[in-house]
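Colleague: Before I ask anything, here is the structure I am working with.
The values are calculated or read from the model by the stated rules, or taken from the named source; none is laboratory data. Owing to the predicted nature of the structure, the values given are computational and were not obtained by experimental measurement. Ideal geometry is used to build each Cβ from the backbone, glycine not excepted, and the neighbour counts take in all protein chains shown.
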Amino acid sequence: AGGSPVRTFHLAPQAGTHEFVAGKAADTMGYNGAYLGPTLRASRGEKVRVVVENRLTEETTVHFHGVQLPAAADGGPHAMIAAGATASPEWMFDQPAATLWYHPHPHGNTEKQVGLGLAGMFLVDEPAPAAWGAAALPHEYGVDDIPLIVQDRRLDPSGKITFDPSGNSIGTLGNSIAANGVLGAVLPVTTQRVRLRILNASAGRWFRFGFADHRRFHMVASDGGLLAAPLELDAVQLSPAERAEIIVEMAPGESVMLKSFAPDLGRVNPADAFGGGREFDVVRLDAGATLTPSAALPAALAELAAPPDTRVATSRSFTFSGRQINGKTMDMNRIDFTAAPGGAEVWYVDNVNAFQHNLHIHGVQFRLLDIDGAAPPPERAGWKDTIPLMPRERNRLAFRMPKYADAQHPYMFHCHLLTHEDQGMMGQFVVA
Ligand code: C2O
Ligand code: CU
Ligand code: CU
């Protein structure tokens with residue numbers, strides 16, 4: 001008997017050009033191509049290795065967002081890969097099926113590299129539970145199971161990508177919407193139901209996804225895996241880096257636009273500031289004249305383990321203000337705290353500003369317990385690695401630290417508004 005096989009992926013970040021507007025080439029970056037990256041896919045229990053060959057003329061990292069992995073493989077700002085160099089992080093997937101993603105994390109340069117196109121999805125699979133019987137989620141990749149990377153783009157008149165980090169308190173906001181790199185995207189639908197794995201890969205924009213005719217759909221998964229049961233909604237709001245998997249049903253021959261409606265930006269923001277008050281078309285779904293029937297949706301999806309008991313958890317408080325967390329900006333040489341491997345944590349996270357932040361924690365999936373003492377909305381009640389921090393709100397969350405002890409390599413926690421992250425709204429912890 002040999003060792004267990006390792007599934008190996010290759011990612012080569014490189015420069016290229018991409019036409020968002022026909023005839024107008026924009027300078028971009030992509031993995032293995034000019035823009036965005038391939039969807040990587042592995043199964044729970046599988047060992048993986050990602051060989052990253054940096055073909056850019058600048059340094060980068062590849063961070064695996066949402067993956068519960070050892071800190072040495074996490075690809076944060078300490079894991080710099082020089083131009084021309086190669087890195088090969090490895091780990092074993094030990095988490096539920098989910099829509100995760102990967103992107104660069106060079107300290108101070110993340111907005112530019114992600115914004116130019118360095119982003120891709122990493123899907124984790126598990127066999128369908130026996131209890132589903134004949135019911136199923138759509139799962140034929142590219143047919144009825146579609147990755148959707150949504151980004152606002154700030155294009156100049158020549159069609160080039162531009163950035164505006166000081167444009168307002170939340171950073172760059174774009175005026176055109178790219179779905180998988182395409183403005184005005186159209187998705188031909190051939191099945192009765194289609195699953196959209198939506199990722200908000202914008203630097204700062206909040207989206208509120210829904211359909212032009214307000215048809216209801218089912219959300220089946222949040223950042224870190226399946227919800228307990230399909231959740232019927234007419235809109236789902238995502239801050240930068242959050243994901244939602246939704247199932248929409250189509251009738252033969254019809255067309256419907258997936259839109260972003262004006263997001264709810266909380267009780268302090270004026271509705272038109274910081275990305276509020278704007279609607280966008282994202283992708284039009286065009287159903288064929290005949291559609292292949294889809295299996296019924298399972299009535300129950302997953303049993304979510306209870307979050308750790310907060311009475312015996314280590315409790316920590318974080319105040320988000322301006323570009324600082326607890327009055328500090330990121331220092332690559334400062335470790336903010338050390339946590340026990342697998343230790344139970346409860347975090348109190350306050351946004352004291354009149355504009356949005358959000359929170360992402362590396363290496364873990366957590367559960368949102370309450371917002372200002374009230375139960376979270378059901379779309380945020382499952383596994384999360386990123387949550388919005390709306391103006392003047394307190395979020396309380398609980399989770400277990402990664403099980404991997406390593407005093408040498410830290411994990412990050414930060415605001416995923418990329419301008420804020422680049423400007424130092426980030427801290428680091430080690431698990432040891
Ligand atoms: Cu998606 Cu620290 O990042
Ligand atoms: Cu991350
Ligand atoms: Cu922020």
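Colleague: Scan 230, 270, 252 and give me the residue that is touching a residue at least 12 places away in the same chain (Cβ under 8 Å), surrounded by fewer than 14 Cβ atoms within 10 Å (Cβ to Cβ) and more than 16 Å from ligand 1 (Cβ to nearest atom). Don't jump to the end; show me each part of the working.
Modeller: Details: 230 fails: surrounded by fewer than 14 Cβ atoms within 10 Å (Cβ to Cβ); 270 fails: touching a residue at least 12 places away in the same chain (Cβ under 8 Å).
Residue meeting the stated conditions: 252.
Colleague: Could you please find all residues in the range 350-369 being closer than 20 Å to residue 310 by Cβ and either within 16 Å of ligand 3 (Cβ to nearest atom) or acidic (Asp, Glu) (or both)?
Modeller: 350, 359, 361
Each row is one residue, and each column tells you yes or no for (1) within 13 Å of ligand 1 (Cβ to nearest atom); (2) under 26 Å from residue 387 (Cβ atoms).
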position	(1), (2)
45	no, no
50	no, no
75	yes, yes
82	no, no
103	yes, yes
112	no, yes
120	yes, yes
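Colleague: Which count do you get for residues in the range 411-432 that are more than 13 Å from residue 325 (Cβ to Cβ) and within 11 Å of ligand 1 (Cβ to nearest atom)?
Modeller: In the first step, residues of the range 411-432 are kept if they are more than 13 Å from residue 325 (Cβ to Cβ); the result is 411, 418-419, 422, 430-432.
Next, only the ones that are within 11 Å of ligand 1 (Cβ to nearest atom) stay: 411, 418.
Residues flagged as more than 13 Å from residue 325 (Cβ to Cβ) and within 11 Å of ligand 1 (Cβ to nearest atom) within the range 411-432 amount to 2.
Colleague: Further question on the same structure: For residues that are without any contact (Cβ under 8 Å) to a residue 60 or more places away in the chain and not charged (D, E, K, R), tally how many sit in the range 367-395.
Modeller: Keep residues of the range 367-395 that are without any contact (Cβ under 8 Å) to a residue 60 or more places away in the chain, which gives 368, 370-377, 394-395.
From the residues that got through so far, the ones that are not charged (D, E, K, R) too are 368, 371, 373-377, 395.
Count: 8.
Colleague: Residue by residue through the range 33-50, note down the ones that are more than 16 Å from ligand 2 (Cβ to nearest atom), in a strand (DSSP E or B) and under 24 Å from residue 142 (Cβ atoms). Break it down into steps so the answer makes sense when it comes.
Modeller: First, the residues of the range 33-50 that are more than 16 Å from ligand 2 (Cβ to nearest atom): 33-36, 38-39, 41-49.
Those left that are additionally in a strand (DSSP E or B): 36, 41-43, 47-49.
Residues satisfying the conditions are 36, 41, 42, 43, 48.
Colleague: Report yes if residue 359 is outside the structural domain of residue 403 (by TED's automatic domain parsing), surrounded by 20 or more Cβ atoms within 10 Å (Cβ to Cβ) and not polar (S, T, N, Q), otherwise no. Before the answer, list the steps.
Modeller: On the way: outside the structural domain of residue 403 (by TED's automatic domain parsing): no; surrounded by 20 or more Cβ atoms within 10 Å (Cβ to Cβ): yes; not polar (S, T, N, Q): yes.
It is false that residue 359 is outside the structural domain of residue 403 (by TED's automatic domain parsing), surrounded by 20 or more Cβ atoms within 10 Å (Cβ to Cβ) and not polar (S, T, N, Q).
Colleague: Another one. In the range 1-32, which residue that is not in a strand (DSSP E or B) and not small (Gly, Ala, Ser) is nearest to residue 105 (Cα to Cα)? Before the answer, list the steps.
Modeller: Of the range 1-32, the ones not in a strand (DSSP E or B) are 1-5, 12, 22-23, 32.
Imposing the further condition that a residue be not small (Gly, Ala, Ser) reduces the set to 5, 32.
On the way: 5: 29, 32: 18 Å.
Looking at the filtered set, the residue picked out is 32.
Colleague: Give me the pairs: first residue in the range 139-163 and closer than 18 Å to residue 97 by Cβ, second residue among the basic types (Lys, Arg) and not in a loop (DSSP other than H, G, I, E, B), beta-carbon distance under 6 Å, and six or more apart or on different chains, which are they?
Modeller: 145/195; 147/197
Colleague: So which residues in the range 91-148 are within 16 Å of ligand 2 (Cβ to nearest atom), of a type in the set (Ser, Thr, Tyr) and surrounded by fewer than 22 Cβ atoms within 10 Å (Cβ to Cβ), if there are any at all?
Modeller: Within the range 91-148, no residue meets the criteria.
Colleague: Scan (1) under 20 Å from the mean Cα position of the chain (by Cα); (2) within 12 Å of residue 102 (Cβ to Cβ) for the single condition residue 71 breaks and write down its number.
Modeller: (2)
Colleague: Hey, among the residues in the range 287-299 that are loosely packed, with under 15 Cβ neighbours inside 10 Å and not hydroxyl-bearing (Ser, Thr, Tyr), which one's farthest from residue 253 (Cα to Cα)?
Modeller: We begin by selecting, within the range 287-299, every residue loosely packed, with under 15 Cβ neighbours inside 10 Å; these are 288-290, 292-293, 296, 299.
If we keep only those that are not hydroxyl-bearing (Ser, Thr, Tyr) too, we end up with 288-289, 293, 296, 299.
Values: 288: 5, 289: 4, 293: 14, 296: 21, 299: 28 Å.
Here the residue is 299.
Colleague: Out of all the residues in the range 139-175, which are of a type in the set (Gly, Ala, Ser) and either within 22 Å of residue 186 (Cβ to Cβ) or touching a Lys or Arg at 6+ places or on another chain (Cβ under 7 Å) (or both)? Spell out the reasoning first.
Modeller: Pass one, the range 139-175, residues of a type in the set (Gly, Ala, Ser): 142, 158-159, 166-167, 169, 171, 174.
Result: 142, 158, 159, 174.
Colleague: A further question follows. Considering the range 248-282 alone, what residues qualify as being of a type in the set (D, E, K, R), in a loop (DSSP other than H, G, I, E, B) and farther than 17 Å from residue 151 by Cβ?
Modeller: Applying the first criterion (of a type in the set (D, E, K, R)) to the range 248-282 yields 249, 254, 259, 264, 267, 272, 278-279, 281.
Going one step further and asking which of them are in a loop (DSSP other than H, G, I, E, B), we end up with 254, 264, 267, 272, 278-279.
Answer for the range 248-282, where residues must be of a type in the set (D, E, K, R), in a loop (DSSP other than H, G, I, E, B) and farther than 17 Å from residue 151 by Cβ: 254, 264, 267, 272.
Colleague: Output yes when any residue across the range 178-189 is farther than 27 Å from residue 117 by Cα, among the aliphatic types (A, V, I, L, M) and surrounded by fewer than 18 Cβ atoms within 10 Å (Cβ to Cβ), and no when none is.
Modeller: Applying the first criterion (farther than 27 Å from residue 117 by Cα) to the range 178-189 yields none.
Checking the range 178-189: not a single residue is farther than 27 Å from residue 117 by Cα, among the aliphatic types (A, V, I, L, M) and surrounded by fewer than 18 Cβ atoms within 10 Å (Cβ to Cβ).
Conditions tested, residue by residue: (1) part of a strand (DSSP E or B); (2) modelled with pLDDT under 95; (3) not assigned by TED's automatic domain parsing to the domain that holds residue 426.
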{"position": "100", "(1), (2), (3)": "yes, no, yes"}
{"position": "105", "(1), (2), (3)": "no, no, yes"}
{"position": "108", "(1), (2), (3)": "no, no, yes"}
{"position": "113", "(1), (2), (3)": "no, no, yes"}
{"position": "118", "(1), (2), (3)": "no, no, yes"}
{"position": "134", "(1), (2), (3)": "no, no, yes"}
{"position": "138", "(1), (2), (3)": "no, no, yes"}
{"position": "167", "(1), (2), (3)": "no, yes, yes"}
{"position": "178", "(1), (2), (3)": "yes, no, yes"}
